[in-house]
1. To the nearest 10 square angstrom, how much accessible area does B:Leu33 have with a 1.4 angstrom probe?
2. With viscosity set to 1.002 mPa s at 20 °C, what whole-number translational diffusion coefficient in µm²/s follows for chain B from Stokes-Einstein and a Kirkwood radius over Cα pairs?
3. What is the angle, in °, between the Cα long axis of helix B:106-132 and the longest principal axis of the Cα atoms in chain B? Nearest 10 is fine, range 0 to 90.
4. How long is the gain from B:Ala76 to B:Thr105 if the chain were fully straight, where each residue apart is worth 0.36 nm and the alpha carbon distance is subtracted?
5. Compute the helix-to-body angle for B:9-34: its Cα long axis versus the longest principal axis of chain B, expressed 0 to 90° and rounded to tens.
6. In chain B, if the dipole is taken from +1 on Lys/Arg beta carbons and -1 on Asp/Glu beta carbons about the Cα centre, which of B:Tyr200, B:Pro41, B:Gly122 is farthest to the positive end?
7. For the range A:3-117, what are the per-bin percents of Cα-Cα distances with bins 5 Å wide, up to the bin holding the maximum?
8. Between A:Gln27 and A:Asp88, take the C-beta separation as r, use R0 = 41 Å, and let me know the FRET efficiency to the nearest 0.05.
Amino acid sequence: MSLNVLICDDSSFARKQMARALPEEWQVEVHFAGDGVEGVDAIREGKGDVVFLDLTMPNMDGYGVLETIRRDDLPAMVIVVSGDIQPDAQERVKKLGAMAFIKKPIDADKARSVLTEYGIMTGA
Amino acid sequence: MSAAAIINEDQRDCYQELTNVAMGQAADRLARLLNAYVVLPIPKISVIENSDLNMALQGATSDNSVSAVCQGFIGAGISGEAMLMFNDASFASLASLMKYSGPLTQAAELELLMDTASVLIGACIHGIGDQLEIVFNQGHPVVLGQHCDMADLVAYGNNGWDKALAIEIHYTIEHVNIECELLLLFTEESVRALNKKIDYLLD
């Protein structure tokens, strides 16, 4: 069974950029969500073993998604990918249970190093 | 041609995302300057007619008494105008966050306005430029007015364009009463050149 990766961002351009940055040899199923509400739904459906999560989104923002994951104990490893690079923002998401923080704009090197560092990428 | 037709939906989405990244970089600079957390909104991308500028600006701040700076920038056949408007009620908090100890005279407010503008406008313009591989050169900042009515500022923007791409970013600072609006305007001709760069990213 392959790993389910969810890309949750309100910008279709950002979702594409993120998908392109994933290592080519990483055998995963990629899913997409356009805001936090869709993101949480997808995680409940088992589509988010690993979640690349934006922070600034309509309906429910990334902080809301992290809170929901923690409150409902949903099985998701979250990597926040955001343009909000204030040290405070990084600290807040880590406190809310995010595993890692990647600054936008995302690129393949940043994605690979985080996936390797946290031992998420397997089966390569 | 309808007002909206100078950019399509994919392009609008891309402008929004590029702005998102650039305004985050600008907010980071401001946060470090003020030692505070800057609340980031979703930027608003729209195409406005010259006659709508008034409305765009009116919506920009909740207070009609404002102080504003503008600064032109140019590069790679693209020129734009950045405008930063501060709600006048913001200056007291801004002064205290910047550890400004003297009396809050008009001159002191001007200094606070210029310092903040140089950080926010510079970082935002370069943030957008970097992502599009454009080097923007900035002109000198110009004070449009202090403690003036929004309507008086509008006269400034009405010089020789019909339609423009407007990027609006509404910054607030957490826990204190500081509110400002950064408006970037690109005329139709510049938008055509920008769209080419955007399409390349979208490809």
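1. B:Leu33 exposes around 80 Å² with every protein chain in place.
2. Numbers: Rh = 17.2 Å.
Result for D is 125 µm²/s.
3. The answer is roughly 30 degrees.
4. On the way: separation 29, 0.36 × 29 = 10.44 nm, distance 4.04 nm.
Taking B:Ala76 through B:Thr105 to full extension adds about 6.4 nm, to one decimal.
5. Approximately 20 degrees, to the nearest 10.
6. So the residue furthest toward the plus end is B:Gly122.
7. With 5 Å bins starting at 0, P(r) equals 2, 13, 26, 28, 20, 9, 1.
8. On the way: r = 36 Å, r/R0 = 0.89.
So the FRET efficiency works out to roughly 0.65.
The values are calculated or read from the model by the stated rules, or taken from the named source; none is laboratory data. Everything numeric in this text was worked out from a predicted model, so none of it was measured. Note that we place each Cβ from the backbone using ideal geometry, even for glycine, and neighbour counts take in every protein chain shown. What goes into the accessible areas is simple: the full protein's heavy atoms, side chains included, and nothing from ligands, DNA or RNA. Shrake-Rupley method; radii C 1.70, N 1.55, O 1.52, S 1.80 Å.
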